[in-house]
Amino acid sequence: MRKIKDVLRLKLDAKLSHQQIADALGLSKGVVTKYAGLAAAAGLEWDAVLGMDEAALERRLLAGSQKVRDYVQPDYGRLHQELRRKGMTLMLLWEEHRADHASLQTYAYSQFRENYRRFARQLKRSMRQLHRAGEKLFIDYAGPTIALADGGRAHIFVASLGASSYTYACATPHETMADWLDSTARALRFYGGVPQLIVPDCLRHCAIEKNFSGNIAIKQLAEGLALLIDMVSDSEANTRLDVYSYSNLMYHLKDY
């Protein structure tokens, strides 16, 4: 017995993890992931599944699977790794995928992005982030700079709210402590409020030490605004910054 309906009941209605479902039904985690993926591709919710028997449900899932196979499927594992590279965005990876398969049917960007997000949600739980509204503001300087008419380069400061991915960006002539403090203040004025926690990348060029050790300016900023500033290491920053906000922002920046 395939137990497809039981898998989807525990997934869509009971909201159990794939491992919990596999243990409860005596199935492999891979089988559970397969059925959950087919249901998502077919756009099925529990209310629709509830009225189907196993045979009808299987036909619906296989029909959805056949439609999916009409498109060239990206290697989402490779995409996930590529997004860790400096300056890489999901939009650039989509454009590369379309160019590599120009004669075949590929996803529009919106579906490409949604498929990647679905893949990312299935990764191990330790990589997932949960954000409450107004709790965290992630800030960083984007890696690429933008050429100016006078031959100089503009450095792009980016801020993104953790829960909504509402994004602010501005250009500065350098990435000094003064630039960083001024850009942070401008971002807070843009949002019209102050979060509980600001999470910047590790600013080596500003000689900032974790937990404010020896850094009076950052400490004064935090105390003046009654918030916390969490200085993270390079490896921690790679997992904390919002890849979707950054990807969308960099795509639009390259047009200006």
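Computed quantities for the displayed model
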read-out	value
Candidate residues 15, 29: accessible-area rank, largest first, probe 1.4 Å	15, 29
Sequence of 31, 158 when ordered by accessible area, the most exposed leading, probe 1.4 angstrom	31, 158
Distance (nanometres) between label positions extended 7 Å along Cα→Cβ at residue 25 and residue 55	2.0 nm
Largest-first ordering by accessible area, 1.4 Å probe, given options 95, 175, 45	45, 95, 175
Residue 103 accessible area, assembled protein chains, probe 1.4 Å, Å²	110 Å²
Accessible-area value, residue 33, 1.4 Å probe, nucleic acids and ligands omitted, Å²	40 Å²
Two-site label geometry, residue 133 and residue 170: point separation in nm, points 7 Å out along Cα→Cβ	2.6 nm
Percent accessible area from carbon and sulfur atoms, segment 12-55, protein chains only, probe 1.4 Å	53 percent
Surface accessible to a 1.4 Å probe, residue 153 within the full protein complex, Å²	120 Å²
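The values are calculated or read from the model by the stated rules, or taken from the named source; none is laboratory data. As the structure is a computational prediction, the values presented were derived from the model and not from experiment. Quick reminder, even Gly has a Cβ in these numbers, built from the backbone with ideal geometry, and neighbours come from all protein chains shown. SASA here: full protein model, heavy atoms, side chains in, ligands and nucleic acids out. Shrake-Rupley method; radii C 1.70, N 1.55, O 1.52, S 1.80 Å.
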